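The values are calculated or read from the model by the stated rules, or taken from the named source; none is laboratory data. Please read these numbers as outputs of a predicted model, since none were measured by experiment. Quick reminder, even Gly has a Cβ in these numbers, built from the backbone with ideal geometry, and neighbours come from all protein chains shown.
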Amino acid sequence: MNEKLRVTKPGLFTTVQDLGRPNAVMAGVPPGGAMDRFAHRAANLLVANDEGAATLECTLNGPELVALERCLVAITGADFGPRVNGRPVRMWEGIFLQEGDEVTFAGRRAGARTYFAVGGGIAGDRWLGSMATYMLTGRGGMHGRQLIAGDVISLAGAPRAPAVSGRQLAYNLHPDYANHTLYAIAGPHVRRLGAAGRKELFGSAFKVSKDADRMGYRLEGPGLDASGDELLSFGLAAGAIQVPRSGQPILLMADHQTAGGYPVVATVAGASMPVAAQLLPGDELTFAEVGIEAALRMRKAQRLALDSLIN
Amino acid sequence: MPAPPSTPKATTVRTHPLGDSALLAELGTRLDTALNTRAIALAAALKKRRDVRQAVAGYASVTVHFDPDQTTYQALTTAIKRLATKRPPMAEPGRLHRIPVTYDGPDIEAAAKQLNLTPTQIAELHTRPIYRVFLVGFVPGWAYLGPLPEELELPRRHVPRTQVPAGSVAMAGRQTGIYPLPSPGGWHLIGRTPVKLFLPDSDPPCLFRAGDRVKFFAQ
């Protein structure tokens, strides 16, 4: 049997995600996939999956699940207080569930998104090369929608035998989600800000507004003036910080629009995107300027942390 | 004395980082078919490289997503400058799409008044050119078409609509387009077409591709 878990409560917004569909941008379809790629990859590696296998991305609170069969699972990302049969279980560690075991979450302690991987990978609809759920077009993952009570989670493939529990990410390698400094690289239109505006961007505190979802976050902070000639639309990337006429920046996330004509004053480094993915409306953040080489060193450090999970 | 035939100038390319694993290569800042042709050719050439994950042409730029384990921003910038000096291959004319339009959009009367035209004249002017697909992007299936005849140039609506039905034919500035999905929008709605632009079960899931040509006809 491939059916491993049944959803008794879906949680606020739980979707199937993987590493997205980078080639679909040619058709205006966002790359999508897990918002916190580090947590997603780590969850998979902890249960001996490929990093690109599908996981559940649970937003703001967790689902309630019942194991239909013995399976190896891992929970990473934001701490929502995971429990098995009412007893707290460790995150960032592979754990076995027995038939009938109940997974619940006591409540959010910090962060925005927790990830749940199952050995063998979660099965879902594949669309344009990815199982990532994209709500706007209703495609990918669990029939293009968020989970609902009664859904059954099946495996995409066979778990890697012999699967072992107890594989864990060393504590010192956990992401520091509490530090809301996002490292960012100056972007194509940073000069429009002038010296004073650039100082405001890389130094002031910004707040995530209520308008924050998988597409992007509107930020509130000192007004930035990036006005100038109208720009012709160009291709965008996740992490890009756009400054529209209102002067309140927009940070593009996984389901971002693929092209646009607003000035891009900086782009958040890949290594800081997991922290960005864990921000919620009301959270404060700052952007710290880094060069490309420093950003790549941070990326390398994260890669080494993930490699520590590969035997 | 007649001017000597113009020779293609060596294109100056400016690159800017878009984070640590993408860059923006700008060929120019004008809405120009020749620049767009070069951008599409440059994107196609870059896509063949193993260190490039994806290259997307904009109006006059290419956004390149690369593998930082295989190349660097500097190395790719050098390669792009070299590629851009090459004469672009003769551009094949893109596929021609003929799109039927009923010119009865909710903004056609107001637009006509602002332009000192009649709705019929708007339809006539809008169906006259063969438009170019400058780029596909923004939302699934959206294509930026142009250039629109000068006589139809209007700024965007002051108050964007919160919901524009799929299939709405719209214009703003020197651009025209068709809303592929129900979405908010600030362009002037002049008509509608039954043609589906977003094709979720096809690959690629859109009718138009960058470089294609589009001719509207009134029905």
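A few remarks follow.
- Residue in region A:22-43 that is surrounded by fewer than 23 Cβ atoms within 10 Å (Cβ to Cβ), small (G, A, S) and either touching a residue at least 12 places away in the same chain (Cβ under 8 Å) or outside the structural domain of A:G141 (by TED's automatic domain parsing) (or both) present: no
- Meets criteria (of a type in the set (A, V, I, L, M), touching a residue at least 60 places away in the same chain (Cβ under 8 Å) and either within 14 Å of another protein chain (Cβ to nearest Cβ) or farther than 21 Å from B:L125 by Cβ (or both)) for B:A210: yes
- B:R132 vs. criteria within 14 Å of another protein chain (Cβ to nearest Cβ) and charged (D, E, K, R): yes
Each row is one residue, and each column tells you yes or no for (1) modelled with pLDDT under 95; (2) part of a helix (DSSP H, G or I); (3) touching a Gly at 6+ places or on another chain (Cβ under 9 Å).
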residue: B:T11; (1), (2), (3): yes, no, yes
residue: B:A55; (1), (2), (3): no, no, yes
residue: B:T71; (1), (2), (3): no, no, no
residue: B:T77; (1), (2), (3): no, yes, no
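- Restricting region A:24-45 to residues that are in a helix (DSSP H, G or I) and not small (G, A, S), the residue that is farthest from the other protein chains (Cβ to nearest Cβ): A:N44
- Out of A:E230, A:E293, one residue alone is of a type outside the set (K, R), within 29 Å of B:L76 (Cα to Cα), at pLDDT below 95 and not assigned by TED's automatic domain parsing to the domain that holds A:P22. It is A:E230.
- Test for A:D211: is it loosely packed, with under 15 Cβ neighbours inside 10 Å, under 15 Å from A:L251 (Cβ atoms), of a type outside the set (A, V, I, L, M, F, W, C) and outside the structural domain of A:W92 (by TED's automatic domain parsing): yes
- Residue match in region A:95-109 (condition: of a type outside the set (D, E), crowded, with 24+ Cβ neighbours inside 10 Å and not in a strand (DSSP E or B)): no
- When residues of region B:159-218 are limited to those that are surrounded by fewer than 16 Cβ atoms within 10 Å (Cβ to Cβ) and within 17 Å of B:L148 (Cα to Cα), the one modelled with the lowest pLDDT: B:G186
- Pairs, first touching a residue at least 24 places away in the same chain (Cβ under 8 Å) in region B:173-184, second of a type in the set (D, E, K, R), C-beta under 7 Å, six or more apart: B:G173/B:E153; B:R174/B:E153; B:P184/B:R161
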